[in-house]
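Trainee: Right, I'll just put the structure down here and ask away after.
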Amino acid sequence: MNLKHRIVSIAVCAVMLSAGLAIGQTPPPAKGEPAADTPAPPADAQVAPPPPAPDAPPPELKTLDQEVQGLKKDVVDLNKDLFVLQEELLFPANTQVALYVSMDVGTFFALDSVTVKIDNKEVKNYLYTAREADALLKGGVQQIYLGNLKVGKHELVAFFTGKGPVERDYKRGATINFDKGVGAKYLELKITDRVPKHQPEFMIKDWE
């Protein structure tokens with residue numbers, strides 16, 4: 001067999017081999033269609049729920065967390081009740097006296113400290129931080145003293161120390177004589193600006 005015949009024979013064999021392979025192969029399913037040998041699920045088959053996310057806590061942990069939060073709230077409420085009860089026991093209404101501090105504007109005075117004397121006895125000396133003084137300037141009211149006094153006449157003296165006009169050291173006092181009757185007594189130390197005189201003003205108000 002010459003070379004030409006051998007080439008023709010090889011070509012014919014290659015064509016026959018390719019045709020045989022094509023016949024033996026099953027064409028792939030069209031895109032979007034299920035494969036012929038994959039059975040479709042029955043219509044009444046139940047679909048299994050998707051597995052939970054890996055980071056989702058189980059229901060038991062959620063319930064436990066809710067119980068812990070509830071216990072924390074109960075403890076806070078209990079502490080409030082105990083605090084009120086303690087004040088009622090230590091400072092009963094018939095002998096109680098409460099003293100508050102407030103500031104208005106504060107253009108001519110920067111508060112540093114307050115000293116309180118009742119019947120010539122020092123009962124409170126309070127040094128303010130910049131944050132506390134700023135809170136008073138924003139309208140806050142501070143309870144600086146809570147104590148007991150017997151029924152009768154009393155004298156209260158308060159000394160205010162801080163920076164006055166032109167950033168100079170400033171110390172002023174205020175005095176009030178008051179009657180302590182049956183029931184709680186409330187007094188307010190007020191710091192205001194006396195605009196016409198460009199000076200701070202200190203007064204003690206009796207909330208009768």
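The values are calculated or read from the model by the stated rules, or taken from the named source; none is laboratory data. These figures come from a predicted structure and were not determined experimentally. Cβ placement follows ideal geometry from the backbone for every residue including glycine, while neighbour counts extend to all protein chains displayed.
Trainee: Restricting to region 126-161, give me the number of residues that are over 31 Å from the mean Cα position of the chain (by Cα), on the phi < 0 side of the Ramachandran plot and not hydroxyl-bearing (S, T, Y).
Mentor: Number of matching residues: 13.
Trainee: So if I check each of I144, I191, which one is among the β-branched types (V, I, T) and within 13 Å of A98 (Cβ to Cβ)?
Mentor: Just one listed residue meets the conditions, I144.
Trainee: Here is a follow-up. Assess whether D206 counts as being among the acidic types (D, E) and either under 18 Å from L111 (Cα atoms) or more than 38 Å from the chain's Cα centre (by Cα) (or both).
Mentor: Against the criterion (among the acidic types (D, E) and either under 18 Å from L111 (Cα atoms) or more than 38 Å from the chain's Cα centre (by Cα) (or both)), D206 does not qualify.
Trainee: If you go through region 169-187, how many residues are surrounded by fewer than 16 Cβ atoms within 10 Å (Cβ to Cβ), within 36 Å of the chain's Cα centre (by Cα) and not hydroxyl-bearing (S, T, Y)?
Mentor: Going through region 169-187 one residue at a time, the tally reaches 0.
Trainee: Identify, please: which residue in region 108-141 is aromatic (F, W, Y) and buried (at least 17 other Cβ atoms within 10 Å of the Cβ) and is, among those, modelled with the highest pLDDT?
Mentor: Y128
Trainee: Hey, another quick one. Only residues that are in a loop (DSSP other than H, G, I, E, B) and either surrounded by fewer than 17 Cβ atoms within 10 Å (Cβ to Cβ) or modelled with pLDDT of 85 or more (or both): list them for region 92-107, please.
Mentor: Answer for region 92-107, where residues must be in a loop (DSSP other than H, G, I, E, B) and either surrounded by fewer than 17 Cβ atoms within 10 Å (Cβ to Cβ) or modelled with pLDDT of 85 or more (or both): P92, A93, N94, T95, D104, V105, T107.
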